[in-house]
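Here the structure comes first, spelled out in structure tokens, and everything after it is commentary.
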Amino acid sequence: MKKRAYITDLDGTLLRSDQTLSPYTRDVISNALEQDVVVTFATARGYISAQSVVSDIPWKYPVILYNGALIYDGLNQNVMDGYWLERDISNEIIDVGRKFGITPFYFSLDVDHRERVLHETLRREGEISFYDSRPHDPRFLEVKNLNCPPDYRTLALTYIGLHEELEPIRQEVTALYGDVIHAHMMPDYYIRNHYFLEFSHTKANKRDGLRLWSSHMGIDLENTVVFGDHINDVGLFDAGGTRIAVRNAHERILQLADHIIDSNELDGVAHYIQQQMELSGKNTTISTLGGQL
């Protein structure tokens, strides 16, 4: 029998609004893993950030990180594959933001394949709130003058601010590199009135990330079941087999969905997975994708 993979977003989909897993969701997915069900996640978050909110689950399969930029084997602490933004383009994107008085968080892999987040001194509300929400995160390093080091690989350049602050940066960078980058802007789930503006490799999106993950896992895309809630999950729905939206999802995701389930606050994803396990037994295969850097 061909394996099926259940693939869900984290923030706004699997996680509750306070960035936690319910005991029920934790137990359902942990039980699935014990029964040799493939459970993984792909998220806008990095691995350390994701583990800070989902480490209660004993994940053991490769995950998709940084919105598709990185395929990572967390069990063996191994970078499997990914899409890196060119160094010259990375530095030009930093320079564009600097013209408008804003510098981004520079998400990257260093020469030893470790996650790094370089940034200049944080003075703006959104940046400080984002940093403070990740206490003791070893990825973060303040630098005097932000640029892309020659031996680093760029995963994402992320600006945080008000929409009217970020839109001019988005427009200028898109005009310069629109055909070779992936640009994505979405509301921040946790910082009032603030947005994330992320630039990455053109294939660093959930569509291509899922395709790359599927290739490594040997699981056909048509045998995937995907869960999502926001615009950055459109690519996930494009590539996935069966598309499922939580009830709190963005209208566009609801329109694309084959099925609509309970919200993230009501354990919609876990209830669906549990139902499928009861129908299919331990031959069911699960996988999870999700949320914030």
> For the stretch 62-86, how many residues are under 20 Å from residue 35 (Cβ atoms) and open to solvent by 50 Å² or more (accessible area, probe 1.4 Å)?
Replying inline: 1
> Which of the residues belonging to the stretch 32-47 are assigned to a helix (DSSP H, G or I), more than 12 Å from the chain's Cα centre (by Cα) and buried (at least 16 other Cβ atoms within 10 Å of the Cβ)?
Replying inline: 32, 33
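Okay, residues lined up against (1) outside any loop (DSSP other than H, G, I, E, B); (2) within 21 Å of the chain's Cα centre (by Cα):
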{"position": "95", "(1), (2)": "yes, no"}
{"position": "98", "(1), (2)": "yes, no"}
{"position": "121", "(1), (2)": "no, no"}
{"position": "130", "(1), (2)": "yes, yes"}
{"position": "134", "(1), (2)": "no, yes"}
{"position": "144", "(1), (2)": "no, no"}
{"position": "150", "(1), (2)": "no, no"}
{"position": "155", "(1), (2)": "yes, yes"}
>> Here is a check on your reading of the model: is residue 62 more than 16 Å from the chain's Cα centre (by Cα) and touching a residue at least 24 places away in the same chain (Cβ under 8 Å)?
In response: no
> Within the stretch 108-120, how many residues are open to solvent by less than 60 Å² (accessible area, probe 1.4 Å) and of a type outside the set (Asp, Glu)?
Replying inline: 6
>> Please verify whether residue 158 is in contact (Cβ under 8 Å) with a residue 60 or more places away in the chain, surrounded by 15 or more Cβ atoms within 10 Å (Cβ to Cβ) and touching a Pro at 6+ places or on another chain (Cβ under 7 Å), treating the condition exactly as stated.
In response: yes
> Within the stretch 135-148, restricting attention to residues that are touching a residue at least 40 places away in the same chain (Cβ under 8 Å) and surrounded by fewer than 16 Cβ atoms within 10 Å (Cβ to Cβ), which residue is nearest to residue 86 (Cα to Cα)?
Replying inline: 147
> From 101, 46, 97, 12, which residue is small (Gly, Ala, Ser) and in contact with a Lys or Arg (Cβ under 8 Å, 6 or more places away or on another chain)?
Replying inline: 46
>> So the check is Cβ under 6 Å with 6+ separation or different chains; which pairs have a first residue in the stretch 249-276 that's surrounded by fewer than 17 Cβ atoms within 10 Å (Cβ to Cβ) and a second one that's among the small types (Gly, Ala, Ser) and not in a helix (DSSP H, G or I)?
In response: 254/245; 260/245
>> Suppose we filter 6, 66, 47, 72 for residues that are of a type in the set (Phe, Trp, Tyr), within 20 Å of residue 273 (Cβ to Cβ) and in contact with a strand residue (DSSP E or B) (Cβ under 9 Å, 6 or more places away or on another chain); which single one remains?
In response: 6
> Wholly within the stretch 160-278, which strands (runs of 3 or more DSSP E) include no fewer than the required count, namely at least 1 residues that are under 20 Å from the mean Cα position of the chain (by Cα) and either under 26 Å from residue 71 (Cα atoms) or basic (Lys, Arg) (or both)?
Replying inline: 181-187, 195-201, 224-228, 242-246
>> If I filter the stretch 1-25 down to residues being surrounded by fewer than 16 Cβ atoms within 10 Å (Cβ to Cβ) and without any contact (Cβ under 8 Å) to a residue 60 or more places away in the chain, which single residue comes out as farthest from the chain's Cα centre (by Cα)?
In response: 23
> Does any residue of the stretch 283-291 turn out to be within 23 Å of residue 198 (Cβ to Cβ) and either surrounded by fewer than 19 Cβ atoms within 10 Å (Cβ to Cβ) or at pLDDT 90 or above (or both)?
Replying inline: no
>> Looking at the structure I just gave you, is residue 124 farther than 26 Å from residue 230 by Cα and of a type in the set (Lys, Arg)?
In response: no
> Residues of the stretch 48-61 being open to solvent by less than 70 Å² (accessible area, probe 1.4 Å), under 30 Å from residue 173 (Cβ atoms) and polar (S, T, N, Q), which ones?
Replying inline: 49
>> Filter the stretch 192-207 down to the residues that are within 21 Å of residue 153 (Cα to Cα) and open to solvent by less than 20 Å² (accessible area, probe 1.4 Å) and list them by number.
In response: 196, 197, 198, 199, 200, 204, 205, 206
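The values are calculated or read from the model by the stated rules, or taken from the named source; none is laboratory data. All figures in this text were calculated on a predicted structure; none of them were measured in a lab. Virtual Cβ from ideal backbone geometry, glycine too; neighbours counted across all protein chains shown. Remember, those area values only see protein heavy atoms, side chains included, never the ligands or the DNA or RNA. Shrake-Rupley method; radii C 1.70, N 1.55, O 1.52, S 1.80 Å.
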